[in-house]
Amino acid sequence: MTLPTVSVIIPVHNGRTTIGQTINAIEAQSIPTEIIVIDDGSTDQTTDLIKLFYPQVKCIRQEHKGPSAARNTGIQMATGDYVAFCDADDVWLPNKLQWQCAVLEHEPQIDMLVSQVTTDPNQITRNQGPWPLRPIELQEVLEGSPLPSTAIMRAGFATKIGAWDESLPVLEDLDYFARAAKIGLLVSLHLPLVYYRVRTNSLSHHTLLNYAHLKQVLARFVKDGKQLNALITGHMHGVAN
């Protein structure tokens, strides 16, 4: 049986201290991968490190335009059967791709598959029973989108979704996954398959900036004023906590 190939797109900006662990975890997967790193204008020699220690990785440097532009460049370069994303400070757990690709190969109606995350770097995920799959509707995405590092999709579905919105400095993932849920079958594999580092200094934690773009993104999918305000309140309460 021929194994599928997964194009893994890693946007990075000044990720020299974490990118190595991220790449190592991807290369340790049992599914063949095409790793594509898009250096988003780093000033800490991230590209130099990758070219020195990971010459097999496709690494492109571009001017600093944000993670959406970096992911769009990566998608254009991807040649795999599936496309996956991983942020430069997240780490895939062992067998992430093995489980996700097994589901996608067995369930051809699924367009995109996401998973849970853990903040425990020593987490080991074991699945003893059938795959715990659960469809994700648009409403659920609007209440809290999946993390990009958990997502894998069929290459053709990436084309259907369209580009990441490069005009958004934050919440580009909410917009992207909402569009995915609106046009295709988005499913959660309810297992923690990614170690997520909590980013307390990220743009997503800047409340005023977050509010303005949150309202902008949600209004693209929600026309009812009361529902829109309820979603905004829920998101801002989550940020505050």
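The table below lists the values:
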{"read-out": "Charge dipole magnitude, Cβ of K and R +1, D and E -1 - segment 6-199, Cα centre, debye nearest 20", "value": "260 debye"}
{"read-out": "Identified option (computed Cα extents along the principal axes in Å; candidates [x] 71, 42, 31; [y] 51, 45, 35; [z] 46, 39, 35)", "value": "[y]"}
{"read-out": "Chain lengthening between residue 5 and residue 98 when straightened (0.36 nm per residue, less Cα-Cα)", "value": "32.4 nm"}
{"read-out": "Cross-link partners of residue 215 among aspartates and glutamates (Cα-Cα below 12 Å; sequence separation of 8 or more within a chain)", "value": "175"}
{"read-out": "Rounded FRET efficiency, nearest 0.05, which uses the C-beta distance separating residue 139 from residue 107 and R0 of 22 Å", "value": "0.50"}
{"read-out": "Between segment 1-52 and segment 172-201, the alpha-carbon center distance in angstrom", "value": "19 Å"}
{"read-out": "Under the span-like rule (Cα at least 20 Å along the axis, Kyte-Doolittle mean at least -1.0), DSSP H helices of the chain", "value": "225-240"}
{"read-out": "Loop GluC sites (Glu not before Pro), segment 27-111, which have at most 13 other Cβ atoms in a 10 Å radius of their Cβ (DSSP)", "value": "63"}
{"read-out": "Label point distance in nm, residue 226-residue 65, each placed 7 Å from Cα along Cα→Cβ", "value": "4.3 nm"}
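Rule-based calculations on the coordinates, nothing more; no lab input. Since this is a predicted model, take the numbers as computed values, not measurements. Cβ coordinates were reconstructed from backbone atoms using ideal geometry, including for glycine residues, and neighbour counts include every protein chain displayed.
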